[in-house]
Every structure is written in structure tokens, then in C-alpha cells.
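Here is the structure we will look at.
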Amino acid sequence: MLLSQIRTPDGVAVVAREGAEAAIVRGAQSVYALAMTAAGEGRPLAEVVTEAGFGEAVNLEEAAAQGRMMLPVSHPDLAHMHLTGTGLTHLGSASTRDAMHSGDPDKMTDSMKMFRMGLEGGKPASGAGVQPEWFYKGTGAAAVAPGQPLTSPAFAEDGGEEPELAGFYVIAPDGTPCRIGWALANEFSDHVTEKVNYLWLAHSKLRCASFGPEILLGPPPQDVQGTSRIRRGDQVLWEKPFLSGEANMSHSIANLEHHHFKYDIFRQPGDLHVHMFGTATLSFADGIRAQEGDVFEIEAAPFGLPLTNPLAVAEDEGLATVRTL
């Protein structure tokens, strides 16, 4: 089952899709509300959705063309929605990152060391494995709906796509993390800033991100095969396949989830987490520099509609100053 949210004349509608058939979930206020009900009652989310029943049919392709797709899940208080991620988690990610950070092919970079640690200990037979690289992207204020612009700050050196899978989680009233499902994500980053010095990785990740349009319920597919592309006008500027899922990763999903939720600050009841699991495919690694107006497009079966976002650049706000109270 796939879930999404669309704008309607009456507000917001939750849409469930099985195959080509999509319909409004009766009485559903939001995917977040449905997920919290499932978490609180200890029931599968798909069961809660099915029990609510379905109303009128929806043409999701038409809704996307009309710009009515919303984030597939969000929190009513954006400060309680956390966007985070892990890097160097995919079998091809080390070569991409190493090429960005290494000036000497004979010298092992910290990126390569981290990647090898994942290969050796990222999929433990039991217990916790080696912890991954981890980064913070922001609160729900940084989440951009499908079809809407990913805006690069005026001070940024670059604005580039990162096609990934994102996991969505709510924290149950008893503090237990509960996985809603999976969606496509564009973990938008500044790769030029990152390349200057790896210690600037944290700065390069403090950008907006987009995900959806649909969430796939259930366990993650083991082998995800998708396509990432950039359109410039009516031309495809760049296109490349990307792989994800545990079959293509150096860490297990369970290990990555453990090393995020082991911190009690991330187990606060009612909070929503969007965690992005990394990629090995970047247009930046192929020498591509996206320009304002270019459109990022990420697609992969079985995640429903493609995720598309144009690139925008914010106006220069000048020096950030602090006022004394």
C-alpha cells in the first residue's frame, strides 16, 4: 500500500493506493494522525487505513500535474519533525566520496576508512554493528513538498541532488520508534562546500530536502533500482541509474536505525523522523553543476510517482546579525 497527501478544496486528503487504484481514506485528517493511532494501539498502519475505508477515486498523476501533492507526512508542529541522514552506507558510495576528498590516490581518506568500517561491521549477525556517518539537515521547516522548488541559499557554493530512500518514523506514546514506511528522497546538498574540507560536511547538509510523493508501507525492498536525472529546459542534462536497498548497502537498515534511535532525544513521544539512508550516485561526481531552473527527477519502482523539484536560488540576505535583548 502507498499513502500520500493532496490538497483539496476542503483542505487535506489522505490517499491510499493499491496498484493503479487510488482513493481518499475516509475521515483521515493526516498520515501523521493515522500513524499515531496505529502506534498507540500497537496495530499495523495498513490495518488502520483499511478499517477507515475508502471514498472517491483520485487521479494522482493529475494531482501532481496540478501541483496539489503535499509532503506525504508532516508534523503539525514542524519543530517536532526531524530530518537526518547517514552517508557512506552504499557499496558504491566510497569511490564517489573518496574522489571528492582525496588529492592523493595512494592515501586512504577518512571517507574510505569509514566505508571500510561499514563493510566489516555494518551488518552484524546480532546486536549493534559499527556506527555510521550521521548528519542533521534540520526540522520540518526544511522539508519541501514534491513539485516545489529546492532553494539553495545565496551563500551556497552549489546545490546538487542526492537520490535516496527515506524512512519515516513516529514515536509512540511509550517512546518506541515506529516505522511508517519508505519513500524517495532528494537529500539536497552543497557538494562544493563539502569538497573544500570534509569538516564542512555539517554545513553542506544544512539545506532543504524533499521526499515522496508517496510512502510505501511495510518492510523495505531489498534491491531498489531507480533513475536520477536532471532536466534543463526540454533536454535531459544528465541521467544515471542508482541502487539502494540492503542488497546494495554496506550497513543493514536495522543497524542504521539503531544508531539513530539509541539517543533518547530521538525517542520523544509524538515526534516525527525522516531519515535518509544515503546514495552512491551524484551528478556532481560526473562534473555536472545544476543551474537555477533545472529540474531534479528521481524515480524507482515500487515507490509510485516520481519525485520532481526545480532548483531555485534565494536572494542574498547579507550578513546574519544578532540583536542584544
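The values are calculated or read from the model by the stated rules, or taken from the named source; none is laboratory data. Note that the structure is predicted; figures quoted are calculated from it, not measured. Cβ coordinates were reconstructed from backbone atoms using ideal geometry, including for glycine residues, and neighbour counts include every protein chain displayed.
Structure data summary
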quantity	calculated
Where a residue in segment 27-43 is closer than 22 Å to Asp10 by Cβ and its partner, wherever it lies, is part of a helix (DSSP H, G or I), with Cβ under 7 Å and at least six apart	Gly27/Ala52; Ala28/Leu34; Ala28/Ala52; Leu34/Leu45; Leu34/Val48; Leu34/Val49; Ala35/Leu45; Thr37/Val48
Among (1) modelled with pLDDT under 95; (2) surrounded by 22 or more Cβ atoms within 10 Å (Cβ to Cβ); (3) at negative phi; (4) not acidic (Asp, Glu) - the single one Leu88 does not satisfy	(3)
Residue in segment 194-234 that is farthest from Ala142 (Cα to Cα), counting only those that are surrounded by 17 or more Cβ atoms within 10 Å (Cβ to Cβ) and of a type in the set (Gly, Ala, Ser)	Gly226
Tally of residues being under 11 Å from Val170 (Cα atoms) and out of contact with any Phe, Trp or Tyr (no Cβ under 9 Å at 6 or more places or on another chain) across segment 32-58	8
When residues of segment 14-24 are limited to those that are surrounded by 14 or more Cβ atoms within 10 Å (Cβ to Cβ) and either modelled with pLDDT under 95 or touching a Ser or Thr at 6+ places or on another chain (Cβ under 9 Å) (or both), the one nearest to Val73 (Cα to Cα)	Val14
Subset of segment 131-164 (residues that are under 29 Å from Asn255 (Cβ atoms), part of a strand (DSSP E or B) and of a type in the set (Gly, Ala, Ser))	Gly138, Ala143, Gly160
Hey, Ala314 buried (at least 16 other Cβ atoms within 10 Å of the Cβ), touching a residue at least 40 places away in the same chain (Cβ under 8 Å) and closer than 24 Å to Phe135 by Cβ or not	no
Residues being within 23 Å of Ser126 (Cα to Cα) and either surrounded by 22 or more Cβ atoms within 10 Å (Cβ to Cβ) or out of contact with any Asp or Glu (no Cβ under 7 Å at 6 or more places or on another chain) (or both) - total across segment 240-275	19
Odd one out for Ala154, checked against (1) surrounded by fewer than 20 Cβ atoms within 10 Å (Cβ to Cβ); (2) in contact with a helix residue (DSSP H, G or I) (Cβ under 9 Å, 6 or more places away or on another chain); (3) over 24 Å from Pro241 (Cα atoms)	(2)
Close pairs from segment 160-180: first within 23 Å of Gly287 (Cα to Cα), partner of a type in the set (Ser, Thr, Tyr) and in a loop (DSSP other than H, G, I, E, B), Cβ under 7 Å, at least 6 apart	Gly160/Ser283; Glu161/Ser283; Glu162/Thr279; Pro163/Thr279; Pro163/Thr281; Glu164/Thr279
Every pair of residues 6+ apart whose Cβ atoms lie under 7 Å, when the first sits in segment 68-82 and is closer than 14 Å to Ala166 by Cα and polar (S, T, N, Q) while the second is modelled with pLDDT of 95 or more and outside any strand (DSSP E or B)	Ser74/Tyr32; Ser74/Gly140
Given (1) surrounded by 16 or more Cβ atoms within 10 Å (Cβ to Cβ); (2) farther than 30 Å from Thr176 by Cα, number of the condition Arg289 does not satisfy	(1)
